[in-house]
Amino acid sequence: MVKETQDGQIVLNQPAGHVENGESLQQAVIRETLEEAGWQVEPTAILGMYAFTPFAGADTYHRICVICRPVGHMTDSLDPDILCAGWLTREEIEQHPQRSPLILECINDFENGQNFPINMINNHHLEAK
């Protein structure tokens with residue numbers, strides 16, 4: 001889990017981010033987890049796809065949550081937006097404000113054994129000319 005600031009409040013989130021141009025989802029997961037948590041990971045399965053609209057008229061956020069195997073801690077140098085990163089129990093997570101309700105929804109799905117094959121994500125990138 002990572003701690004970050006949202007609207008002046010410290011909240012918990014899973015490492016997250018955007019897929020960069022030319023990058024596969026799996027590559028983005030590996031990069032974002034390293035940048036935000038300092039851990040090298042291996043994506044092993046898709047947990048699920050989620051959508052969250054925080055309030056009427058707001059943007060809808062789409063999340064693809066990926067199950068990963070931790071490979072090793074690589075660095076303590078984290079993205080400037082991240083206050084700290086660490087492993088927490090479910091009880092510890094529940095005691096802190098979370099960035100969105102999707103955090104506990106993803107944890108519930110993981111604890112219930114939900115997962116989909118990682119190869120359901122197909123990557124086809126056009127070659128630059």
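The values are calculated or read from the model by the stated rules, or taken from the named source; none is laboratory data. Just so we're clear, the structure is a prediction, and the values are computed from it rather than from any experiment. Note: ideal-geometry Cβ built from the backbone for every residue, glycine included; neighbour counts use all protein chains shown.
Brief remarks follow.
- Qualifying residue in the range 38-55 (condition: in a helix (DSSP H, G or I), of a type in the set (D, E, K, R) and in contact (Cβ under 8 Å) with a residue 12 or more places away in the chain): no
- Which listed residue is in contact with a helix residue (DSSP H, G or I) (Cβ under 9 Å, 6 or more places away or on another chain), touching a residue at least 60 places away in the same chain (Cβ under 8 Å) and among the β-branched types (Val, Ile, Thr), from Ile64, Ile82: Ile82
- Leading residue by the ranking (nearest to the chain's Cα centre (by Cα)) among those in the range 60-92 that are closer than 16 Å to Leu12 by Cα and assigned to a strand (DSSP E or B): Cys65
- Every residue from the range 52-89 that is surrounded by fewer than 12 Cβ atoms within 10 Å (Cβ to Cβ) and of a type in the set (A, V, I, L, M, F, W, C): Phe55, Ala56, Ala58, Trp87
- Condition met for Glu42 (at pLDDT below 95, within 20 Å of Met120 (Cβ to Cβ) and of a type outside the set (A, V, I, L, M, F, W, C)): no
- Residue within the range 93-100 that is part of a helix (DSSP H, G or I) and either charged (D, E, K, R) or more than 13 Å from the chain's Cα centre (by Cα) (or both) present: yes
- Residue count for the range 5-44, restricted to those that are of a type in the set (Val, Ile, Thr) and surrounded by 16 or more Cβ atoms within 10 Å (Cβ to Cβ): 5.
- Total residues in the range 90-120, condition surrounded by fewer than 13 Cβ atoms within 10 Å (Cβ to Cβ) and within 18 Å of Tyr61 (Cα to Cα): 1
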